[in-house]
Amino acid sequence: MKTQILLAIAAAMPSVMADWPKLNQYKTLDDCQNDKDILYHAAPVSGRCYNLDDATGAFFWNPGTLSEPRVYTGKDCNGIEWPLPSEGSCIDKGKYNSYRCT
């Protein structure tokens, strides 16, 4: 019985973990797309602003259970605000310098 319960919990874990917010920063878009040589990792908290490092060339976001992912042209979530799709992906950092979800 205990084994069956543990197996059921283990089977549910990937779907639960997929809902966790994630913000990974990489030096290049290729690194991001291949999930290698990560520079920084954060598990974003609702409403908190995350500055993208100057060494970051691309980043991956997954808002998970949070909503309304946004990037900003300025540090500290200032400047022009751009909405991101609700499903995560890798994007080139370009003009973006900070990130926030609600």
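Worth pointing out:
- Summed side-chain charge close to residue 42 - residues other than residue 42 whose Cβ falls under 14 Å, Lys, Arg +1, Asp, Glu -1: +2
- Check: the range 15-102 dipole with +1 on Lys, Arg Cβ and -1 on Asp, Glu Cβ, in debye: 200
- Full extension of the chain segment joining residue 82 with residue 45 gains 11.5 nm, where the gain is 0.36 nm per residue of separation less the Cα-Cα distance.
- Summed side-chain charge close to residue 69 - residues other than residue 69 whose Cβ falls under 13 Å, Lys, Arg +1, Asp, Glu -1: +1
- Estimated distance in nm for a label pair at residue 73 and residue 38, the labels positioned 7 Å out from Cα along Cα-to-Cβ: 3.1
Just so you know, all these numbers are worked out from the coordinates, no wet-lab data involved. This is a predicted model, so every value here is computed, not measured. Quick reminder, even Gly has a Cβ in these numbers, built from the backbone with ideal geometry, and neighbours come from all protein chains shown.
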